[in-house]
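Heads up: the structure comes next, in structure tokens.
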Amino acid sequence: MVLSDDGAGDPVLVVDERRRMPGRGAWLHPDQRCLELAVRRRAFGRALRHTGPLGVDVVEQVVTRLAAQDQPQHSTTVPGPTPVPTVDRESGLEADGYPMSTHR
């Protein structure tokens, strides 16, 4: 997120998904809980060094959209057999069959 001008001279909080906008930025996980925590702690104002109130409506819309994209899609197909690994993970062997050691 960065602070931008809304055209009337008022600063607005803008989500910079491409990470190319100029100015001081702030990071936020695309998670509703992280957004709620940031709003409750007034983290955006501190991170962006802005003393006035900031509207988070645009940020909330983007976080909701990104969270919906990350939800696993339910498949209607019947799952196939679980693939069997070629090497036992606890065996200490690499995929090529050699022990995991720097001394060969």
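Scanning region 43-98 for residues that are at pLDDT 65 or above and among the acidic types (Asp, Glu) turns up Asp57, Glu60, Asp70.
Across region 28-45, the qualifying residues are those that are assigned to a loop (DSSP other than H, G, I, E, B) and free of Cβ contacts under 8 Å to residues at least 12 places away in the same chain, and the one among them that is surrounded by the fewest Cβ atoms within 10 Å (Cβ to Cβ) is Arg42. Restricting attention to region 10-49, the residues that are under 12 Å from Glu60 (Cβ atoms) and β-branched (Val, Ile, Thr) total 2. Among residues that are modelled with pLDDT of 90 or more, part of a loop (DSSP other than H, G, I, E, B) and under 30 Å from Met1 (Cβ atoms), Arg20 is included.
The values are calculated or read from the model by the stated rules, or taken from the named source; none is laboratory data. Just so we're clear, the structure is a prediction, and the values are computed from it rather than from any experiment. So basically every Cβ, Gly included, is an ideal-geometry build from the backbone, and we count neighbours across all protein chains shown.
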